Amino acid sequence: MIKLNRPVDLLEEALEKIDARIEALEEKKEAIEEKAYERESGELTDREQERIDAIEEEIYELEAEREEIENALDYLREYTEY
């Protein structure tokens, strides 16, 4: 078996950072939505919708990145004495 513990650890740390970033973005999105729903109209403004769309796009990109890292981890774990 090849020892690849350090690369595995680094990839796991990257996953944790991505998860934290996704969580922060989801909280930001929820805050925008809550603020909108507290107004009389209860609807999102165009600007708020644009911000939410940008946040959702960033979340989508981070999730794709997360999936790639998970695939790499799965591959590395097969060859690691971890």
When residues of segment 12-47 are filtered for being among the acidic types (Asp, Glu), surrounded by 12 or more Cβ atoms within 10 Å (Cβ to Cβ) and over 30 Å from residue 71 (Cα atoms), how many remain?
1
Can residue 59 be described as touching a Leu at 6+ places or on another chain (Cβ under 6 Å), of a type in the set (Val, Ile, Thr), open to solvent by less than 90 Å² (accessible area, probe 1.4 Å) and without any contact (Cβ under 8 Å) to a residue 60 or more places away in the chain?
yes
Do you know which of the residues in segment 1-43 that are among the β-branched types (Val, Ile, Thr) and touching a Phe, Trp or Tyr at 6+ places or on another chain (Cβ under 9 Å) is nearest to residue 55 (Cα to Cα)?
8
Scanning for something under 19 Å from the mean Cα position of the chain (by Cα) and closer than 25 Å to residue 7 by Cα, does segment 25-36 turn up at least one residue?
no
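The values are calculated or read from the model by the stated rules, or taken from the named source; none is laboratory data. Here the structure is a predicted model, which is why all the values come from computation and not from measurement. Every residue, glycine as well, gets a Cβ built from its backbone with ideal geometry; the counts of neighbours run over all protein chains shown. Heavy atoms of the whole protein, side chains included, go into the accessibility calculation; ligands, DNA and RNA do not. Shrake-Rupley method; radii C 1.70, N 1.55, O 1.52, S 1.80 Å.
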